[in-house]
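What follows is a single structure, written as structure tokens, with notes after it.
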Amino acid sequence: MAHLTISPAHSLRGELSLPGDKSISHRALLLGAVSQGTTRIDHCLESEDNESTRRALRALGIRIQEEAERVVIEGRGLYGFKTPSSPLEMGNSGTTTRLLLGLLAGQSFSATLSGDASLSQRPMRRVTEPLGKMGADIQGPDGADHLPLTVRGGGLHGILYTLPVPSAQVKSALLLAALYAKEPTTVVEPIPTRDHTERMLEHFGAQIKREGPEITLVPGPELKGKDLTIPGDISSAAFFLAAAAIVPGSSVTVRQVGLNPTRTGFLEMLKQMGANVKSEIASLPLVARNDLELRNGAVSSNRSHDVDSWEPVGDVTVSHAPLKGIRVGPAAIPGLIDELPILMVAATQAQGITLIQGAGELRVKEADRIVSMATGLTAMGAKIQAEGDEIRIEGPVPLKGARVKSFNDHRTAMALAVAGLAAKGQTTIEGAEWIDISFPEFVEILESIRR
Ligand code: S3P
């Protein structure tokens with residue numbers, strides 16, 4: 001599927017179950033590998049990015065069996081990796097690279113990580129520098145800022161580290177390396193980011209303390225294999241929910257989707273824009289549910305949650321309503337970082353100005369997503385101005401079908417496909433095969449709700 005042609009939708013209606021969350025699937029595979037005993041993962045994402053994690057773990061000597069919807073991993077403990085015989089190929093996956101660097105920082109052997117052209121341009125010093133402070137030796141181009149990187153770990157010390165950029169991947173790399181350190185490691189995050197690593201580490205038996213913006217891992221406890229069911233991916237759901245918000249006459253329900261409050265910023269913003277959004281968490285005990293409501297999207301401090309509810313899951317319905325422009329400030333960005341491309345599409349259909357500020361991290365994703373989205377949407381008739389880390393979109397504009405480019409980025413391709421549903425005439429997306437990075441079923445599911 002090099003080109004994808006989308007024709008306008010009359011309306012979108014239906015109920016969906018979506019593939020497993022990408023972030024959580026990566027973490028389940030990685031933690032399963034370094035735990036003792038068997039980990040069974042149900043509803044694990046199968047996409048190219050997730051395959052990068054499986055391939056790397058297999059090259060490190062981990063046995064991974066795929067049985068229908070279940071992945072079974074024979075964990076070999078913290079020090080059970082074997083020395084890889086050739087470079088570990090990360091493909092397009094930043095999450096695999098940065099999180100695996102954390103685990104490899106704790107190993108006494110040397111391993112090299114390489115990636116595709118896009119990944120090789122993405123910044124890695126944000127991870128290699130603090131891992132170096134912990135004692136890992138990491139070498140690579142531009143002061144270990146780019147792949148290929150060679151890491152020789154072992155003998156790590158605990159550190160206190162304040163994240164200079166809000167990045168869950170950096171936080172996660174440090175917490176994973178912290179499993180191997182002599183002393184506790186504390187990561188301070190001035191702006192909260194997704195907390196899947198903390199939740200999953202706790203679930204596998206690690207000792208994690210959370211106090212306000214500080215997350216401390218105390219090394220020592222052995223990690224034990226677990227049986228897990230991965231929630232549906234809220235970032236994949238966002239494309240269909242946004243489509244329902246902007247195409248008149250639409251209503252879409254997504255069932256059993258992850259509703260971790262560090263990931264639901266997009267739903268909050270859709271609500272603020274005036275969309276009809278209903279979400280209900282199904283899997284949390286009442287006390288945690290109240291806590292979530294109180295915090296309304298902020299990250300937790302010292303929250304205890306039922307082990308069976310390690311990640312909140314529920315159903316979300318979005319129905320069309322007239323939208324209005326909103327301001328999205330820097331503190332909200334990490335909670336919807338992967339949904340900003342589709343939020344930009346929704347903003348083209350909203351009355352007034354949508355101003356997104358502090359979104360500079362979008363420039364270092366699989367593509368510069370400010371450029372990729374501004375280029376595609378401008379070609380479709382949208383009014384967008386972008387400079388630095390700020391994006392200003394004026395709506396509503398009647399979008400017109402156009403020939404646009406994915407910029408080799410899965411989320412740009414899917415966001416522009418949704419724009420095509422609301423446009424007049426056909427939209428062709430060049431480079432749509434990149435969608436397989438996170439969501440190979442995207443087109444099939446989209447067509448299933450078209451009315
Ligand atoms: C991810 C964190 C985010 C996000 C990415 C997945 C993760 O990246 O954009 O798609 O799984 O931790 P950053 O940590 O670079 O913000």
For this session: Examine region 189-199 for a residue that is more than 16 Å from the ligand (Cβ to nearest atom) and open to solvent by 20 Å² or more (accessible area, probe 1.4 Å), and state whether such a residue exists.
Result: no
For this session: Output the residue which, of all residues in region 29-66 that are of a type in the set (A, V, I, L, M, F, W, C) and assigned to a helix (DSSP H, G or I), is nearest to Asp233 (Cα to Cα).
Result: Leu29
Exercise. Is there a residue being in contact (Cβ under 8 Å) with a residue 24 or more places away in the chain, open to solvent by 10 Å² or more (accessible area, probe 1.4 Å) and more than 16 Å from the ligand (Cβ to nearest atom) anywhere in region 233-245?
Worked result: no
Problem set entry | Any pair with Cβ under 7 angstrom, 6 or more apart, that starts in region 440-451 at a residue that is over 20 Å from Glu46 (Cα atoms) and ends at one that is of a type in the set (S, T, N, Q) and in a loop (DSSP other than H, G, I, E, B) | Arg451/Ser11
Problem set entry | Total residues in region 173-186, condition within 16 Å of the ligand (Cβ to nearest atom) and of a type in the set (Ser, Thr, Tyr) | 0
Seminar exercise, completed: When Val371 is run through (1) among the β-branched types (Val, Ile, Thr); (2) over 18 Å from the mean Cα position of the chain (by Cα); (3) open to solvent by less than 30 Å² (accessible area, probe 1.4 Å), the failure sits at (3)
Exercise. Restricted to region 29-38, and to residues that are more than 16 Å from the ligand (Cβ to nearest atom) and of a type in the set (A, V, I, L, M, F, W, C), which residue is surrounded by the fewest Cβ atoms within 10 Å (Cβ to Cβ)?
Worked result: Val34
For this session: Given the conditions (1) closer than 22 Å to Asp338 by Cα; (2) away from the ligand (no atom under 16 Å from the Cβ); (3) touching a Cys at 6+ places or on another chain (Cβ under 9 Å), report the number of the one that His43 does not fulfil.
Result: (3)
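Test of understanding: among Gly220, Gly249, which residue is open to solvent by 30 Å² or more (accessible area, probe 1.4 Å), closer than 30 Å to Glu444 by Cα and either assigned to a loop (DSSP other than H, G, I, E, B) or of a type in the set (S, T, N, Q) (or both)?
Details: Gly220 fails: closer than 30 Å to Glu444 by Cα.
Testing whether each residue is open to solvent by 30 Å² or more (accessible area, probe 1.4 Å), closer than 30 Å to Glu444 by Cα and either assigned to a loop (DSSP other than H, G, I, E, B) or of a type in the set (S, T, N, Q) (or both) leaves just Gly249.
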Exercise. Across region 11-28, what is the number of residues that are within 9 Å of the ligand (Cβ to nearest atom) and part of a strand (DSSP E or B)?
Worked result: 0
Problem set entry | Lone qualifier among Ala117, Ala68, Ala59 - being within 21 Å of the chain's Cα centre (by Cα), away from the ligand (no atom under 16 Å from the Cβ) and open to solvent by 10 Å² or more (accessible area, probe 1.4 Å) | Ala117
Exercise. Can you tell me how many residues in region 151-172 are of a type outside the set (Gly, Ala, Ser), in contact with a Leu (Cβ under 8 Å, 6 or more places away or on another chain) and either farther than 24 Å from Asn92 by Cα or more than 16 Å from the ligand (Cβ to nearest atom) (or both)?
Worked result: 3
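Condition check ((1) in the same structural domain as Leu119 (by TED's automatic domain parsing); (2) in a loop (DSSP other than H, G, I, E, B); (3) within 24 Å of Ser93 (Cα to Cα); (4) modelled with pLDDT of 95 or more) across all residues:
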| residue | (1), (2), (3), (4) |
| --- | --- |
| Thr317 | no, no, no, yes |
| Pro322 | no, yes, no, yes |
| Ala331 | no, no, no, yes |
| Glu339 | no, no, yes, yes |
| Leu343 | no, no, yes, yes |
| Ala346 | no, no, no, yes |
| Gly352 | no, no, no, yes |
| Gly358 | no, yes, yes, yes |
| Leu362 | no, no, yes, yes |
Exercise. What pairs can you find where one residue is in region 329-342 and more than 13 Å from the ligand (Cβ to nearest atom), the other is assigned to a helix (DSSP H, G or I) and open to solvent by 10 Å² or more (accessible area, probe 1.4 Å), and their Cβ atoms are less than 6 Å apart, with a gap of 6+ or different chains?
Worked result: Ala332/Gly265
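The values are calculated or read from the model by the stated rules, or taken from the named source; none is laboratory data. Predicted, not measured: the structure shown is a model, and the values here were computed from it. Every residue, glycine as well, gets a Cβ built from its backbone with ideal geometry; the counts of neighbours run over all protein chains shown. Surface areas here come from the heavy atoms of the whole protein model, side chains and all, with no ligands, DNA or RNA. Shrake-Rupley method; radii C 1.70, N 1.55, O 1.52, S 1.80 Å.
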